[in-house]
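Student: First the structure, which I've put down as structure tokens, then a few questions once you've had a look.
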Amino acid sequence: MEFPAPLIPATLLRRYKRFLADCRLEDGREVIAHCANPGSMIGLATPGARVWLEPNDNPKKKLDFGWRLVEHLDGHFTGVDTAVPNRMLKAALENREVPALADYTGVRAEVKYGEKSRIDFLLSAEGKPDAYVEVKSVTLCRRPGVAEFPDAKTERGARHMLELALMAKQGYRAAVFFLVQRTDASEVRLAEDIDPRYVSAFLTAYAAGVEVIAHSCNISPRGVTLGPQLPFNLPVV
């Protein structure tokens, strides 16, 4: 998935009200960018960080820029827009580029299920049970190479895991897909200290047959594509 418009570099001044970020462009102008990430963004919103913004000329949008990437000092990138993973993954699923799900030919997004929820992707194929796939964007990294989810308490995320468990018990295929929006991660874990309730719901779902899939992303200012599968390390119970 290529970004619709070329990204431009900037310096982060501050992130505030969750969805806003003050940034300084290389020509010295200060602008407000939309931050499409409701999480805590631990380690990603440090003033002075080099960031990449997407300009837009859509008159329906209130802000002229969207914050898309953080560039780290070692040259690695982290994607901060939580909408990007689903757009990119939809194309990967349709092109059958996800090995664990390559047998499915039908891809539907945002399908209602459970109690007042929508599954990110409902996959179908002749002769196979439908597959319910919930996507989680992973950006937290507190130890070198280790990506963690979640970065904040998520009651919604815990509910989704329990609803996936119900689908698995009904004979459907159900999976949680951890999409790591970092180029410096080599494994994925749960952040047990941040949200024990989510971890409990995850373990309940896993015991019910919910599958776990984790992939990295290839990220640059040009765009984001699906990267290799990553190992997922289960919590020690």
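The values are calculated or read from the model by the stated rules, or taken from the named source; none is laboratory data. On a predicted model such as this, the values are computed, not experimentally measured, just so you know. Ideal geometry is used to build each Cβ from the backbone, glycine not excepted, and the neighbour counts take in all protein chains shown. With ligands, DNA and RNA removed, areas are computed over all heavy atoms of the protein, side chains included. Shrake-Rupley method; radii C 1.70, N 1.55, O 1.52, S 1.80 Å.
Student: Any idea which of LEU69, LEU44, LEU63, LEU89 is part of a loop (DSSP other than H, G, I, E, B), within 16 Å of the chain's Cα centre (by Cα) and in contact (Cβ under 8 Å) with a residue 24 or more places away in the chain? Working first, answer last.
Tutor: Numbers: LEU69 fails: part of a loop (DSSP other than H, G, I, E, B); LEU63 fails: within 16 Å of the chain's Cα centre (by Cα); LEU89 fails: part of a loop (DSSP other than H, G, I, E, B).
Step by step, each of LEU69, LEU44, LEU63, LEU89 is checked, and only LEU44 is part of a loop (DSSP other than H, G, I, E, B), within 16 Å of the chain's Cα centre (by Cα) and in contact (Cβ under 8 Å) with a residue 24 or more places away in the chain.
Student: Hey, another quick one. Go through (1) buried (at least 21 other Cβ atoms within 10 Å of the Cβ); (2) within 30 Å of VAL51 (Cβ to Cβ) for LEU230 and report which single condition fails.
Tutor: Evaluating LEU230 over (1) buried (at least 21 other Cβ atoms within 10 Å of the Cβ); (2) within 30 Å of VAL51 (Cβ to Cβ) leaves (1) as the failure.
Student: A further question follows. Among the residues of the stretch 92-112, which ones are in a strand (DSSP E or B), in contact (Cβ under 8 Å) with a residue 12 or more places away in the chain and within 14 Å of VAL135 (Cβ to Cβ)? Show your work before the answer.
Tutor: From the stretch 92-112, those in a strand (DSSP E or B) are 106-112; that's our starting set.
Add one more test, that the residue is in contact (Cβ under 8 Å) with a residue 12 or more places away in the chain, and what stays is 106-109.
If the condition is that a residue be in a strand (DSSP E or B), in contact (Cβ under 8 Å) with a residue 12 or more places away in the chain and within 14 Å of VAL135 (Cβ to Cβ), then VAL107, ARG108, ALA109 are the ones that fit.
Student: With respect to ARG156, determine if the residue is without any contact (Cβ under 8 Å) to a residue 60 or more places away in the chain, assigned to a helix (DSSP H, G or I) and surrounded by fewer than 16 Cβ atoms within 10 Å (Cβ to Cβ).
Tutor: Numbers: without any contact (Cβ under 8 Å) to a residue 60 or more places away in the chain: yes; assigned to a helix (DSSP H, G or I): yes; surrounded by fewer than 16 Cβ atoms within 10 Å (Cβ to Cβ): yes.
Yes, satisfied.
Student: If you don't mind, another one. If you take the residues of the stretch 97-122 that are modelled with pLDDT under 95 and of a type in the set (Lys, Arg), which of them is least open to solvent (accessible area, probe 1.4 Å)?
Tutor: That would be ARG118.
Student: Can you confirm whether PRO228 is modelled with pLDDT of 95 or more and under 27 Å from LEU7 (Cα atoms)?
Tutor: On the way: modelled with pLDDT of 95 or more: yes; under 27 Å from LEU7 (Cα atoms): yes.
Yes.
Student: Condition first: within 15 Å of VAL138 (Cα to Cα) and either open to solvent by 60 Å² or more (accessible area, probe 1.4 Å) or at pLDDT below 95 (or both). Now tell me which residues in the stretch 204-223 satisfy that.
Tutor: Residues of the stretch 204-223 that are within 15 Å of VAL138 (Cα to Cα), as a first pass: 212-219.
If the condition is that a residue be within 15 Å of VAL138 (Cα to Cα) and either open to solvent by 60 Å² or more (accessible area, probe 1.4 Å) or at pLDDT below 95 (or both), then ASN218 is the only one that fits.
Student: Could you please let me know if VAL176 is in a strand (DSSP E or B), open to solvent by less than 50 Å² (accessible area, probe 1.4 Å) and in contact with a strand residue (DSSP E or B) (Cβ under 9 Å, 6 or more places away or on another chain)?
Tutor: Details: in a strand (DSSP E or B): yes; open to solvent by less than 50 Å² (accessible area, probe 1.4 Å): yes; in contact with a strand residue (DSSP E or B) (Cβ under 9 Å, 6 or more places away or on another chain): yes.
Considered against the rule, which asks whether it is in a strand (DSSP E or B), open to solvent by less than 50 Å² (accessible area, probe 1.4 Å) and in contact with a strand residue (DSSP E or B) (Cβ under 9 Å, 6 or more places away or on another chain), VAL176 comes out as yes.
Student: Additional query: Taking ALA201 as the residue in question, decide whether it is buried (at least 20 other Cβ atoms within 10 Å of the Cβ), assigned to a loop (DSSP other than H, G, I, E, B), among the hydrophobic types (A, V, I, L, M, F, W, C) and at pLDDT 95 or above. Please lay out each step first, then the result.
Tutor: Values: buried (at least 20 other Cβ atoms within 10 Å of the Cβ): yes; assigned to a loop (DSSP other than H, G, I, E, B): no; among the hydrophobic types (A, V, I, L, M, F, W, C): yes; at pLDDT 95 or above: yes.
It is false that ALA201 is buried (at least 20 other Cβ atoms within 10 Å of the Cβ), assigned to a loop (DSSP other than H, G, I, E, B), among the hydrophobic types (A, V, I, L, M, F, W, C) and at pLDDT 95 or above.
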